[in-house]
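Trainee: Handing you this structure, nothing more for now.
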Amino acid sequence: MSEDTRQELRGLSYPDLEAWVIAELGEKRFRAHQISMWMHGRYVRSFEEMTDISKKLRERLERVARIDNLRLDQRHIASDGTRKYRFEALGGEMIESVFIPAASSDKRNALCVSSQVGCAMGCTFCLTGRSGLIRSLSPAEIIGQVSEVARDVAKDDLRITNIVFMGMGEPLHNLKGVLPTINLLCHDSAFGLSTRRVTVSTSGLLPGLKKLAEAAEPIQIAVSLNASNDKTRNDIMPVNKRWNIAALMKACREFPLAARRRITFEYVLMKGVNDSRENAYELAKLVAPVRSMVNLIPFNPHPGSRYVRGTRDEAEAFQNILRAKGIQCYIRHTRGDEVLAACGTLSDVNYVAPESDQDRQVRDAALEAIDAI
Ligand code: SAH
Ligand code: SF4
């Protein structure tokens, strides 16, 4: 089968779409707005559906351009309304997106998107990290998750108000896919979200963080810290061996934050690993110099994971220490839990299984990949 050389349009940033429409299509600027609003405002999947464009031009578009679409494979709706989507990406791989509807009081409907199939970073507590990086997603495959879910939830009069890059993959390891997506999310002729409502979460790829600050719209940043000292962070996040906590915190202090914004530090609480009182004091000291808040995430067990989630009381005690030090700190509610119910109930056992050979292999592969960045 010969390769499809037609220009893919869904994943073009808005300025790139405009340039293509003018230079390659020989059409006016306004056509870009029209095509973009069909794809990103009304979530259509083909030129045929763009009914206010002449048939002649639609046929021409068909010849010179294409729109890459994801295929919905599965949708699961949990009792709290959380929707987990499984899509087939263009190479046949499966990727996931999770829609988290507003808790009763706010109107924040967040969609969590994937940026890669698998992940090279090899964090020991993360299911995605275990597979290594299969490949990075194209911009069309990332923004496609947003379109498909937006269209699905619209049937129930719901709207996506926030996007978080917290699904599979390390977004800053795929800037080629993520930067055009951010542009489309925030552009008025595409999704038109406020930059406050788009969050990229990173394990701490510092060159990527710098490029993000230079290149993209001023979106929100979340940093997966997950440990209060280098010893523990080296153990659970191989990326720390390349960019340690001091370097990470320096980059965070220097990150050009817009007025009244904060960096979110994510901290997955794992019993007996990073959840002691000392860890809480250490963490408070680390984050205090950064305009930030801390999001404590109770560990989510998955098949083969050797960590354990502590109790709600333990998480609250940890939170209270941070709050007493003046740090803004929240515990993330685990939503859509039943989706993972089959993963077993490791609750109160104070036991961290020893590292296996497979764990070590994952970590070695990750270190090699990270060294090559
Ligand atoms: N790669 C990026 C974004 C995807 S991971 C990053 O690491 O930030 C999104 C969040 O899920 C991260 O904060 C990560 O620490 C957290 N996470 C990974 N595995 C988890 C688990 N088993 N339980 C709870 N949180 C987890
Ligand atoms: Fe998982 Fe994020 Fe670590 Fe990748 S960087 S292994 S997605 S926690």
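Trainee: Kindly indicate which of N274, N240 is of a type outside the set (G, A, S), surrounded by 22 or more Cβ atoms within 10 Å (Cβ to Cβ) and more than 26 Å from H333 (Cβ to Cβ).
Mentor: One residue alone meets the criteria, N240.
Trainee: Take the residues in region 274-289 that are among the acidic types (D, E) and part of a helix (DSSP H, G or I); name whichever of them is nearest to the chain's Cα centre (by Cα).
Mentor: Here the residue is E282.
Trainee: Another question about this same structure. Do you know which of the residues in region 162-194 that are within 13 Å of ligand 1 (Cβ to nearest atom) and in a helix (DSSP H, G or I) is nearest to S13 (Cα to Cα)?
Mentor: V178
Trainee: If you check L137 against the conditions, is it modelled with pLDDT under 95 and within 16 Å of ligand 1 (Cβ to nearest atom)?
Mentor: So L137 fails the test.
Trainee: Looking at region 291-300, which of its residues are part of a loop (DSSP other than H, G, I, E, B) and crowded, with 19+ Cβ neighbours inside 10 Å?
Mentor: Answer for region 291-300, where residues must be part of a loop (DSSP other than H, G, I, E, B) and crowded, with 19+ Cβ neighbours inside 10 Å: just F299.
Trainee: If you don't mind, there's one more thing I want to ask. Determine the pairs where a residue that is in contact (Cβ under 8 Å) with a residue 60 or more places away in the chain and under 18 Å from G129 (Cβ atoms), located within region 295-320, has a partner that is in a strand (DSSP E or B) and within 8 Å of ligand 1 (Cβ to nearest atom) with Cβ atoms under 7 Å apart, the partner being 6 or more residues away or on another chain.
Mentor: F299/V268
Trainee: Right, something else. Can you name every residue in region 211-233 that is under 15 Å from the mean Cα position of the chain (by Cα) and either away from ligand 1 (no atom under 16 Å from the Cβ) or of a type in the set (S, T, Y) (or both)?
Mentor: Answer for region 211-233, where residues must be under 15 Å from the mean Cα position of the chain (by Cα) and either away from ligand 1 (no atom under 16 Å from the Cβ) or of a type in the set (S, T, Y) (or both): just S224.
Trainee: For L205, are the conditions met, namely being crowded, with 21+ Cβ neighbours inside 10 Å and more than 30 Å from K271 (Cβ to Cβ)?
Mentor: Taking the combined requirement at face value, the residue does not satisfy it.
Trainee: I would also like to ask the following. Looking at region 39-53, which of its residues are among the hydroxyl-bearing types (S, T, Y) and in contact (Cβ under 8 Å) with a residue 60 or more places away in the chain?
Mentor: Y43 - this is the single residue of region 39-53 that is among the hydroxyl-bearing types (S, T, Y) and in contact (Cβ under 8 Å) with a residue 60 or more places away in the chain.
The values are calculated or read from the model by the stated rules, or taken from the named source; none is laboratory data. Because the structure is a prediction, the values reported are computed rather than measured. Here Cβ is always computed from backbone atoms with ideal geometry, including for glycine, and neighbour counts include all displayed protein chains.
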